[in-house]
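Peer 1: Below you'll find the structure I mean.
The values are calculated or read from the model by the stated rules, or taken from the named source; none is laboratory data. These numbers come from a predicted model, not from an experiment. A quick note on method: Cβ atoms are made from the backbone with ideal geometry, for glycine too, and the neighbour counts reach across all protein chains shown.
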Amino acid sequence: MHIKDFTDTTNLVVELRYQDLRDAERDGLLTKTQADTLWRRWSRDAMTTHSTQPLERTAAPAAGPAFGFVNVLYYFGGLVAIGAMSLFMTLGFQAVGPVALLAIGVAYLIACLKVADYFKARGLRVPAGLLATLAVCLVSLVAWSAQSVAGLWPPGGPDSFSSYHTRIDWRWLTLEFVTLAAGVVMLWRYRLPFMVMPLAVTLWYMSMDVANALLMDHGWEWEFTRDVSLVFGIGTVALALWVDVRSRLSRTAEWRQDFAFWLYIFGTTMFWSGLSLSDSGSPWGKVIYALINVVMVLLGAAIGRRVFTVFGALGVALYLGYLSHQVFRDSLLFPLALTLLGLGVVALGVWWQRHEVAIAARLARYVPAGLQPRN
């Protein structure tokens, strides 16, 4: 048996992660300045023609594909197909009956997964992700058809699948649970980040349908639905943080992709919308609202997630607008106050853009290594 001799390490190639330097810094082997300097130098050297293998930092998810012309075609075609089997499912298509609809849905789902396998095996990850995402979207159609065929669809609710995306009803919860379970299994199988999108949308739908279930299907109370959306938003953001940490710290390339992106988008939207629609009527309540939005801005900068920064900045702007309205109500200076407010927001944006890297680096010191943004 031939055993390779590694005593001569002159030409030995070692995969070095940024997290390794952070660990060395934590153990006292390097200072933070030394770690950052070494990483910048090695990263620069890795981009030269003399480098045999680029260094790979795994403290952050791998970046997604650039939106060139080809990817625009991919996503446009994929989203049209997804919409055709979900948002634009017509009553005429459902006239074939639940048995035929179940057969069509299962056939479509299997075909999508087969094509996704074909694309992924050839390194075409974007179209593979779109086909796998379409398969996840088809799960709800298959579940509804199976319930209808088995006579298990609860009476009194929508009698067509076309209402799934337009009508809030607790009876959709079975479809949503099945979609989440099947989607997680398929995500584990294919490991393509875009597949998280329908799961995040399903969580959003579930927040509304859970509210309807808790109201025992009696009418519509938007305040209660708002509060449920707020709670679901917090839970979805917490899930996104957990997924983000696991992705950033993963040692395998497939799991270092950005699986948390869509969870952040929909979780923050649910949370911020519920928060902004909560009118306490108290000045102190509005102050707390402004402070929460300031924290969101800082959190977004600290972990490299601009969705928090955008929503937080919007919330701060709404609070400043409220203050200007209260101070200059029925005054000729009100237009001037709004103008100054708008120019102030623009100036803040210019200042933030110039100092964003330094701000993010400083704030990153106060968050766990698994949530620190990429350089």
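Peer 1: Filtering region 321-335 down to residues that are assigned to a helix (DSSP H, G or I) and hydroxyl-bearing (Ser, Thr, Tyr), which residue is modelled with the highest pLDDT?
Peer 2: Result: 322.
Peer 1: When only residues in region 305-320 that are within 13 Å of the chain's Cα centre (by Cα) and surrounded by 21 or more Cβ atoms within 10 Å (Cβ to Cβ) count, which is modelled with the lowest pLDDT?
Peer 2: Across region 305-320, the extreme among qualifying residues is 305.
Peer 1: For residue 250, state whether it is more than 14 Å from the chain's Cα centre (by Cα) and assigned by TED's automatic domain parsing to the domain that holds residue 124.
Peer 2: Answer is no for this residue.
Peer 1: Condition first: more than 19 Å from residue 304 (Cβ to Cβ), of a type in the set (D, E, K, R) and in contact with a helix residue (DSSP H, G or I) (Cβ under 7 Å, 6 or more places away or on another chain). Now tell me which residues in region 234-292 satisfy that.
Peer 2: Selection gives 286 alone.
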